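This report concerns only the one structure given below.
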Amino acid sequence: MNYMDKKISILLFFLFSAVAVLFALFTGAAGWGPGSSYIMWNIRVPRVAAAFVAGAGLGASGALLQAILKNPLAAPYVAGTSAGAGLGVALAAVTGLTVLETPAGFAGGLIVTGIVFKMASYSKRKTPESLVLAGVVMSSLVSAVTFMIMVFNRDTVFRILFFQTGSFQFVSQRALFFSAVLITAGIVFSLLYARELDVMTQGDDVAVSLGVEISKTRKVLFAVSALMVSGSVAVAGVVGFVGLIVPHVVRFILGATHRRLILLSAVFGGGFLVFTDALARGLFAPMEIPAGIITAFFGAPFFLYLLIKG
Amino acid sequence: MQKYLAIILIFISACSSDISSDSPEGYISLSPAVTEILFRLNADDKLVGVTDYCDYPDGVSEKESVGDMVNPSIEMIAYLNPETIFTAGEPQEKLAARLTDMGYNVVEAESRSIQEIYDNILKISEITGNPDEGERLVSEIKKEIAGIGKKLKNRDKKKVYVEISASPVMSPGKNSFLNDVIKKAGGVNVSAGFDRSYVLSGEEFIVEKNPEVILILSEAGRGRKERMKRVFGREVDAAEKGDIYYVEEKESIVRPGPRVSEGIRKMAEIIHSF
């Protein structure tokens, strides 16, 4: 791909997201067009913003994790963040502290991710694989605890399930603002490490010889991605697929230069989630189907197409 | 770039001329039971929105739907701009909080017992402005239930197991509306020893309790009935005597609304086979 093509592709990613946002603002159960300014400003705009923030966080952290874990299957939830957030929400729900649901989910995600990182660091082979394995195992364990809580507290099942399927309907303005700031900061911060990531893809030996502190970089970026994932979970619950496929799509089209990859994964991730959420609430309005279904429905064929063509 | 942004903003603000500055009016019911109550109180002309699950009475199909019960379209609710929104229970707690935040008058009207159905009918009739109608409806239901009680006076109470879910196997506990219905229908709920609204019972529990009648209200339906017959054989009275029933038209039995007396009658007919 030559320089001009790349410029155009980058522009197309931005354009897609801008169109997605406009489309979403003009889609809804109350009919095409914005209906009334009340619905526009109090319902659609916050919802579109929530979807964009969550998608951007997932896209960017997916790009980060795939790079530092050197694993194409690495997704934002592989490190146990979503399982931990789920447990946090479940605990808040059964103890009656429902106002603390969002902070509890946020904290739960971070704590479990921290434990995963600590466990992996105890392993003799300090490879990215041990981090992935620790994440998978911790996720199962933590999810089992969550399910146990659900079985014994059927009355609160709905609160927990909601969270696990992801929904943008109930986001509070405070959570949205908090996550937006957090995720923006995370994206900017990880851009500072873009060069190190580029070098690291050449192999650890090369990176070391070029003066990159691999384990420190990995640790810092792992923490940054955990913060971004927790932020997106706080506004949207657990939304699958976006964090896995968005970075791949960007990489297929633009290559693995991390400055571009991270930034455009955020832009495209945000736009993609806004688009799928608009379809999720518009297709069968007023019935809302979980955005995750649409995400996979449109994302999977598109991804397969790229896989075959690329 | 700024020029385009300005154009987009102007476009958006032009489209969003305020059309819903009218004052809020009417009710939205997010509960099938409340919907039935509103119809029975003749307040349905002010009912502007219901859920996809509100299926009774006939007139309900003409009402605008706002989607499903726990995750309806909040946008649609705002569009319909109601004065009062009725919710029912824990699953809608989060939704209720959001709607309250938006400035709506949200009224919680879940009924977990027959008494609470009466309370909610009276509460709703206050809101709709015809409390007399509410009083009348409550005493009518009470009379019907008392009538069923009279019919059952000389019959022995039977041990009843009601299955509300097959996977996992669940039955109504002591703190449930169905426990009330079973009692009024001349039965003894074998799961009433548990001080909660549902019991994770399991098939061994059923064998141990040895109910005389089994009512299947779960979605598992007919296949479940066949399995119970086969598995329980002679170990459970209900299986031996063929007193396992799958209730197809179960809405009046499971819905804590004004058709509760009809539900009790239906259950009594099954339990005492008349």
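The values are calculated or read from the model by the stated rules, or taken from the named source; none is laboratory data. These figures come from a predicted structure and were not determined experimentally. No Cβ is skipped: glycine too gets one built from the backbone with ideal geometry, and neighbour counts run over all protein chains shown.
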- Output the residues belonging to the range A:86-110 that are of a type outside the set (A, V, I, L, M, F, W, C) and part of a helix (DSSP H, G or I). A:Gly86, A:Gly88, A:Thr98, A:Glu101, A:Thr102, A:Pro103, A:Gly105, A:Gly108, A:Gly109
- Of the residues A:Ser123, A:Ser139, A:Ser130, A:Ser143, which single one is at pLDDT 85 or above, over 29 Å from A:Phe178 (Cα atoms) and of a type in the set (Gly, Ala, Ser)? A:Ser130
- Considering only the range B:215-267, how many residues are free of Cβ contacts under 8 Å to residues at least 60 places away in the same chain, under 26 Å from B:Tyr53 (Cβ atoms) and outside any helix (DSSP H, G or I)? 12
- Item | Only one of A:Phe170, A:Phe241 that is over 12 Å from the mean Cα position of the chain (by Cα) and aromatic (Phe, Trp, Tyr) | A:Phe170
- Message: Residues that are within 14 Å of chain B (Cβ to nearest Cβ), of a type in the set (D, E, K, R) and in contact with a Pro (Cβ under 9 Å, 6 or more places away or on another chain): does the range A:59-81 have at least one?
- Response: no
- Message: Looking at the range B:191-214, can you tell me whether even one residue there is surrounded by 20 or more Cβ atoms within 10 Å (Cβ to Cβ), touching a Leu at 6+ places or on another chain (Cβ under 9 Å) and modelled with pLDDT of 90 or more?
- Response: no
- Query: Restricted to the range B:143-168, and to residues that are within 15 Å of B:Tyr246 (Cα to Cα) and within 14 Å of chain A (Cβ to nearest Cβ), which residue is surrounded by the most Cβ atoms within 10 Å (Cβ to Cβ)?
  - Reply: B:Ile164
- Query: Among (1) within 14 Å of chain B (Cβ to nearest Cβ); (2) of a type in the set (Val, Ile, Thr); (3) surrounded by 24 or more Cβ atoms within 10 Å (Cβ to Cβ), where does A:Val53 come up short?
  - Reply: (1)
